[in-house]
Amino acid sequence: MRQSDLFTKTLKESPSDEQALNAQLLIRAGYIYKNMAGAYSFLPLGLRVINKVNQIIREEMDSIGGQELHMPSLQKPDLWQKTDRWSDNNVDVWFKSNLKAGGEVGFAWTHEEAITDLMKQYISSYKDLPFFPYQIQTKFRNEMRAKSGIMRTREFDMKDLYSFCATQEQHDSFYNSCAEAYMRVFSRVGIADKTYKTFASGGAFTQFSHEFQTLAEAGEDIVYINEEKGITINEEVLNDVDLQKEFGISKEDLTKKKSIEVGNIFSLGTKFSEALNLSFTDTESSKKPVIMGSYGIGPARLMGTVVDLLSDESGIVWPESIAPYRVHLIAIGEDNSQANSLYNKLKEQDVEVLYDDRDVRPGQKFADSDLIGIPTRVVISPKSIEAGGLEVKKRTEKDAKIVTEQELFDMLA
């Protein structure tokens, strides 16, 4: 992509109505646009990032046997009434609407009911189990106060996976596999060292669950952590847990920290399968309800967490795994022929490159490059040519070095 062709522009100042660092930087750098409170557009750079986040999630879900599908956001009330989750008194995040043909519909905030009903068509025997469908699909939640930038919105995509098992052993095995896959996701996007599997409330799903909480001052959650033992507990359930019995610790062994929830996993048992009559015939020809679990990650929340954690005073610092481009090529001076040539060579080698060929001051190009946060910056200027090649600088490093074209391609190999 030539930067002169990119319709988005960087901003010098943060938008006055955004308090969250992730939203400030992503808007300034041209990754997202705020359409209204709780609803953002992902612009070309932002869409490239979120697509890479989604691909990492897909790869890790597929690695543990996930099968991707896609379900509608529109939901009929009767399913949710059977599980007692349609009433606004029980679930306060619904968006609902009336059909012109008559009747009411909801806009899904999760999909346990819909997928349980769907699976009645495909599950009849223990031989059909286990299996693990998932989707990356739009959800709607009527948040009273949308805040924290792209980490808490009213419309967002979520990866929601559901497990269907015949036995508790099958369920427990997959539950643990999914927890491990989540940590691989967080490792690949660069936040695993600050992310902990956390004992938490089950909310509107079940009594207890596990969250994956990333320690961050920008976080909305409070967790209590014992890093030595790797134990983390959400403040919401701290007083509901017998710490000594469950973990062999006391509250004095825990340190209070702010955190961001980047994922969650729930053991649902037979709550939904019993309410919606999803059963199977076991080895002894007896009918039993299917044992279920649900597992969520918000890709945009993950993207926002990376920005909050890995940015610096100059802008965003993307890990290479989800950066919109691998190389930011900058041409300085009146003669761009060598930069044009390198741009074409990088494209031929399938190296993702954003080429700043704009007719603007060098200082603006460098400031925009730091703000946008692409991992490797390559500058071609009269000064670099005189020094013998290209000026290369990693976004995480202060100093640049001069390399030849071949040395650059060796670095990128």
Item to check | Residue within the stretch 35-52 that is at pLDDT below 95, more than 22 Å from Val360 (Cα to Cα), in contact with a helix residue (DSSP H, G or I) (Cβ under 6 Å, 6 or more places away or on another chain) and exposed (fewer than 14 other Cβ atoms within 10 Å of the Cβ) present | outcome: no
Checklist outcome for this item: the stretch 120-209: strands (runs of 3 or more DSSP E) wholly inside it with 1 or more residues that are modelled with pLDDT of 95 or more, closer than 16 Å to Ser273 by Cα and of a type outside the set (D, E, K, R) are 132-140, 155-165
Next on the checklist: Taking the criterion of being over 24 Å from Thr270 (Cβ atoms), surrounded by fewer than 21 Cβ atoms within 10 Å (Cβ to Cβ) and among the aromatic types (Phe, Trp, Tyr), would at least one residue in the stretch 227-247 satisfy it?
Outcome noted: yes
Next on the checklist: Can you confirm whether Ser148 is within 22 Å of Ile57 (Cβ to Cβ), over 17 Å from the mean Cα position of the chain (by Cα) and surrounded by 15 or more Cβ atoms within 10 Å (Cβ to Cβ)?
Outcome noted: no
Checklist entry - Is at least one residue of the stretch 235-251 hydroxyl-bearing (Ser, Thr, Tyr), in the same structural domain as Met151 (by TED's automatic domain parsing) and assigned to a loop (DSSP other than H, G, I, E, B)? => result yes
Next on the checklist: Cβ-Cβ distance below 7 Å, separation of 6 or more or different chains: which pairs start in the stretch 295-314 with a residue that is in the same structural domain as Tyr33 (by TED's automatic domain parsing) and within 16 Å of Lys139 (Cα to Cα) and end on one that is among the basic types (Lys, Arg) and surrounded by 23 or more Cβ atoms within 10 Å (Cβ to Cβ)?
Outcome noted: Gly296/Lys159; Ile297/Lys159; Pro299/Lys159
Checklist entry - Looking only at the stretch 305-352, which residues are over 13 Å from Gly373 (Cα atoms) and polar (S, T, N, Q)? => result Thr305, Asn336, Ser337, Gln338, Asn340, Ser341, Asn344, Gln349
Checklist entry - How about the stretch 361-401: which of its residues are of a type in the set (A, V, I, L, M) and surrounded by 14 or more Cβ atoms within 10 Å (Cβ to Cβ)? => result Ala367, Leu371, Ile372, Ile374, Val378, Val379, Ile380, Ile385, Leu390, Val392, Ala400
Item to check | For Ser311: the one exception among (1) surrounded by fewer than 24 Cβ atoms within 10 Å (Cβ to Cβ); (2) hydroxyl-bearing (Ser, Thr, Tyr); (3) within 30 Å of Ile123 (Cα to Cα) | outcome: (3)
Checklist outcome for this item: Residue pairs within 7 Å by beta carbon, gap of at least six or interchain, first lying in the stretch 1-18 and exposed (fewer than 14 other Cβ atoms within 10 Å of the Cβ), second assigned to a loop (DSSP other than H, G, I, E, B), listed first then second, are Ser4/Asp357; Ser4/Arg358; Lys9/Gly30
Checklist entry - If Leu79 passes every condition in (1) aliphatic (A, V, I, L, M); (2) touching a strand residue (DSSP E or B) at 6+ places or on another chain (Cβ under 8 Å); (3) in the same structural domain as Thr305 (by TED's automatic domain parsing); (4) touching a residue at least 24 places away in the same chain (Cβ under 8 Å) but one, which one does it miss? => result (2)
Checklist entry - In the stretch 275-287, is there at least one residue being out of contact with any Leu (no Cβ under 8 Å at 6 or more places or on another chain), in contact (Cβ under 8 Å) with a residue 24 or more places away in the chain, buried (at least 18 other Cβ atoms within 10 Å of the Cβ) and part of a helix (DSSP H, G or I)? => result yes
Item to check | Filter result (more than 19 Å from Ser337 (Cβ to Cβ), touching a His at 6+ places or on another chain (Cβ under 8 Å) and not small (Gly, Ala, Ser)) within the stretch 367-413 | outcome: Ile372, Ile374, Thr376, Arg377
Checklist outcome for this item: With the first residue restricted to the stretch 141-166 and required to be on the phi > 0 side of the Ramachandran plot, and the second required to be in a loop (DSSP other than H, G, I, E, B), Cβ contacts under 7 Å at 6 or more apart or on different chains are Ser148/Ala20; Ser148/Glu220; Gly149/Glu18; Gly149/Ala20
Checklist entry - Got a number for residues in the stretch 34-66 being in contact with a Leu (Cβ under 8 Å, 6 or more places away or on another chain) and closer than 19 Å to Ser311 by Cα? => result 3
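The values are calculated or read from the model by the stated rules, or taken from the named source; none is laboratory data. Nothing here was measured: the structure is a model prediction, and the numbers come from that model. FYI the Cβ positions are ideal-geometry reconstructions off the backbone, even for glycines, and counts take in every protein chain you see.
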